[in-house]
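S.K.: First, the structure itself, so that you have it in front of you.
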Amino acid sequence: MRNELDVNRVGISVAITSEIISFACLLLVVALPRHIMLFIANSMTHSFDFESIMTAGITLQSVVTGLVAIGFLSYVSGAIFAIVYNKLR
């Protein structure tokens, strides 16, 4: 008997995980001073400078739009992963 991944469950799991991480990042952006967030963001991307593109405020609309987009893209990525995994077994 083959142990196959459930495509929908993997997609949902990856989407929820990504949204939790994104929400945690939002909390850091709100809680930490701008210069610390810029240092962290710039350090994670090695040479990209976020200072000129970092917005001054975060709106509820941008938070919801970002979470929906991340959730959707993560679901699709997880589903594709499960499909490929099942095909390779």
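The values are calculated or read from the model by the stated rules, or taken from the named source; none is laboratory data. Note that the coordinates shown come from a computational prediction; the quantities given were computed from them, not determined experimentally. Don't worry about glycine lacking a Cβ; one is built from the backbone with ideal geometry, like all the others, and counts go over all protein chains shown.
S.K.: Picking from LEU38, LEU60, which residue would you name as being of a type outside the set (S, T, N, Q), farther than 30 Å from ASN3 by Cα and modelled with pLDDT of 90 or more?
M.R.: Answer to the selection: LEU60.
S.K.: Let me ask another. Mind listing whichever residues of the range 15-72 are exposed (fewer than 12 other Cβ atoms within 10 Å of the Cβ) and among the charged types (D, E, K, R)?
M.R.: Selection gives ARG34, ASP49, GLU51.
S.K.: Further question: Does LEU88 count as of a type in the set (A, V, I, L, M, F, W, C) and surrounded by 11 or more Cβ atoms within 10 Å (Cβ to Cβ)?
M.R.: Criteria not met by LEU88.
S.K.: Additional query: Looking at the structure I just gave you, is VAL29 farther than 24 Å from GLY78 by Cβ, part of a helix (DSSP H, G or I) and either modelled with pLDDT of 90 or more or within 17 Å of the chain's Cα centre (by Cα) (or both)?
M.R.: On the way: farther than 24 Å from GLY78 by Cβ: yes; part of a helix (DSSP H, G or I): yes; either modelled with pLDDT of 90 or more or within 17 Å of the chain's Cα centre (by Cα) (or both): yes.
Against the criterion (farther than 24 Å from GLY78 by Cβ, part of a helix (DSSP H, G or I) and either modelled with pLDDT of 90 or more or within 17 Å of the chain's Cα centre (by Cα) (or both)), VAL29 qualifies.
S.K.: If MET1 satisfies every condition in (1) closer than 27 Å to LYS87 by Cα; (2) modelled with pLDDT of 90 or more but one, which is the exception?
M.R.: MET1 satisfies every listed condition except (2).
S.K.: Please enumerate the residues belonging to the range 50-72 that are without any contact (Cβ under 8 Å) to a residue 12 or more places away in the chain and either part of a helix (DSSP H, G or I) or touching a helix residue (DSSP H, G or I) at 6+ places or on another chain (Cβ under 6 Å) (or both).
M.R.: Within the range 50-72, LEU60, GLN61, SER62, VAL64, THR65, VAL68, ALA69 qualify.
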